[in-house]
Amino acid sequence: MALPRQLQPSLTPDELAFLAEEDVVDIVPLFSMTKVRLLSGIYGPFTPPSAASVPLWLALSLKKKRKCRVVAPDWLAPEKLQALINDEKNNAEGFEPLPRRFLETSKLLLDIAPDDLPQPAALRSLLKDLREVRQAKIRLGLQSEGVMRGSYLQVSAVCGVQIGVA
């Protein structure tokens, strides 16, 4: 049963995705344009094939209009995610640090720009594996003896979406 909106203590996944759209990503524009001044800042110049840094919301908007290619973040590569999963499994004491809002960013990129990402099907699978490993750690921590006696659970390096779904 869901709580009424006024009783929900945290942001919803949609609100977290909205906040993630402010993160900066690189694009390769498919058009030429001088700098453009927007409320959130000045972006450009856009000259192919040079990369430009823009907020994720602008990159996704341009991608939908087929005006750019999104450059995948360094951490969104199959080999990096596999190494992160292995590190997460080997670190029984805590959580591996991850990029800020990595789940929201990866979901948005996989939904809107899968053709710009290397092996999107493998990325989806690896992100699911990573999420499951981290959720299992959270559940195990919540069932630990210290938490049951009134102590607290250390959850540093856990993102907002994971706290809400544990």
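In this rough spin-label picture, where each label sits 7 Å from Cα along the Cβ direction, the Ser61-Glu132 distance is 3.8 nm. A simple count of charges around Arg66, restricted to other residues whose Cβ falls under 12 Å of its Cβ and scoring Lys, Arg +1 and Asp, Glu -1, yields +3. Remark: the Asp14-Arg124 segment gains 37.7 nm on full extension, using 0.36 nm per residue and subtracting the alpha carbon distance.
Quick check on region 1-129: take the gyration tensor over C-alpha atoms, sort the square-rooted eigenvalues as a ≥ b ≥ c, and tell me if it's rounded (a/c under 1.5), prolate or oblate. The shape class here is oblate. For the residue pairs Lys63/Lys89; Lys35/Lys63; Lys67/Lys128; Lys35/Lys107, alpha carbon separations beyond 24 Å are given by Lys63/Lys89; Lys67/Lys128; Lys35/Lys107. Over all other residues within a Cβ to Cβ distance under 12 Å of Gly44, the charged ones net out to +2, with Lys and Arg as +1 and Asp and Glu as -1.
Within straight-line reach of Lys80, meaning a Cα separation under 14 Å, sit the following aspartates and glutamates at least 8 residues removed in sequence or on another chain: Glu88, Glu96, Asp129. Modelled spin-label separation between Thr34 and Ser156, with each label point placed 7 Å from Cα along the Cα-to-Cβ direction: 4.8 nm. Per-residue packing, averaged as other Cβ atoms within 10 Å, sorts the ranges 67-75, 101-109, 133-141 into the order 101-109, 67-75, 133-141, beginning with the highest.
Each reported figure results from applying straightforward, stated rules to the coordinates on display, with no laboratory input. A quick note: this is a predicted structure, and the numbers were derived from the prediction, not measured. Using ideal geometry, Cβ is built from the backbone for each residue, glycine included, and neighbour counts are taken over all protein chains shown.
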